[in-house]
Structure formats: structure tokens, C-alpha cells
1. Could we say that GLY111 is modelled with pLDDT of 70 or more and out of contact with any strand residue (DSSP E or B) (no Cβ under 7 Å at 6 or more places or on another chain) here?
2. Please tell me if LYS35 is exposed (fewer than 13 other Cβ atoms within 10 Å of the Cβ) and modelled with pLDDT under 65.
3. Looking at THR18, THR14, THR5, THR55, which is the one that is over 22 Å from THR132 (Cα atoms) and modelled with pLDDT under 85?
Amino acid sequence: MKTETLLKSSPKITLPKTELVGIKKSKQITKESTKLPQPTGWRILVLPFKMGEKTKGGILMGQDTLEKQQVASQCGNVLAMGPDCYQDKDRYKQGPWCKVGDWVMFARYAGSRIKIEGGEVRLLNDDEILATIKNPEDILHEY
């Protein structure tokens with residue numbers, strides 16, 4: 001999946017080049033990305049999946065419905081990882097469970113929710129990642 005680098009400093013925050021994520025489009029995307037928190041320690045910054053505004057049948061969904069679906073989402077895109085993620089070789093013998101740019105699944109109430117313009121991001125511990133997935137649209141999103 002091609003990604004667009006938003007920050008030049010380390011660690012880099014990247015977003016997929018798709019319409020699936022919940023950050024509003026902005027001409028000043030570099031400025032907006034500097035507002036996102038940088039994870040520390042073993043934490044991972046995840047942007048929850050946001051459904052499209054139209055159903056397959058062509059029905060437009062209201063903003064409240066879209067926001068509820070994003071909050072209830074159990075899938076997200078990894079934006080950044082703290083420097084200590086998956087460093088414990090005893091716990092993670094096969095290596096990291098995910099990397100920046102991966103779509104991951106997590107428990108409904110996992111992590112800390114941080115409100116941003118256009119939705120929210122979550123800070124998860126590295127052991128709260130349940131699975132990686134190829135396409136978040138393959139998962140049924142209900143709230």
C-alpha cells in the first residue's frame with residue numbers, strides 16, 4: 001500500500017492514500033499532522049477506520065452515524081509507533097505484530113481515545129493489537 005509521509009521528523013507519521021481514514025482533507029496537511037500526538041514507550045498511534053458516506057445501495061449516511069461507527073470501530077491504521085514497541089524479545093519472539101501503515105484490529109474499548117478534527121485517534125499498547133487485516137471493508141462494522 002503506497003503511503004504519504006506527513007512529517008519529516010522522526011518518528012514519521014504516514015497515512016494511506018485512500019479515502020478510508022477519518023482525517024478531513026486539508027491543503028495544509030503537514031500542519032494538521034503536527035497536531036497528532038507522538039507515541040512514547042510501547043504505545044501505538046492508530047487512526048480508526050471510517051466508513052464511506054454512501055452505502056452500496058446509494059443511501060447517504062448522516063454525520064452522527066459516521067461518527068458513531070468510527071468510535072465503535074475495531075479496525076484502524078497504524079500511524080506511528082513508540083520507540084519501545086515490540087522490543088521485548090521474550091514476549092515477541094517472532095518479532096513485531098504490526099508496522100506503520102498496517103490495518104489492525106483491537107478490542108472495542110482498548111486504548112485511550114483522543115479527539116481530533118474529523119474524528120479520533122487511539123493510543124494502544126503494543127500488546128493490545130489482536131490481528132492485522134488486509135482490508136478493513138471486509139469486516140462488518142456495527143455499533
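1. no
2. Details: exposed (fewer than 13 other Cβ atoms within 10 Å of the Cβ): yes; modelled with pLDDT under 65: no.
Criteria not met by LYS35.
3. Working: THR18 fails: over 22 Å from THR132 (Cα atoms); THR14 fails: over 22 Å from THR132 (Cα atoms); THR5 fails: over 22 Å from THR132 (Cα atoms).
Going through THR18, THR14, THR5, THR55 in turn, just one is over 22 Å from THR132 (Cα atoms) and modelled with pLDDT under 85: THR55.
The values are calculated or read from the model by the stated rules, or taken from the named source; none is laboratory data. Everything numeric here is computed off the predicted structure, so don't read it as measured data. Positions of Cβ are generated from backbone atoms using ideal geometry, with glycine treated the same way; all protein chains shown enter the neighbour counts.
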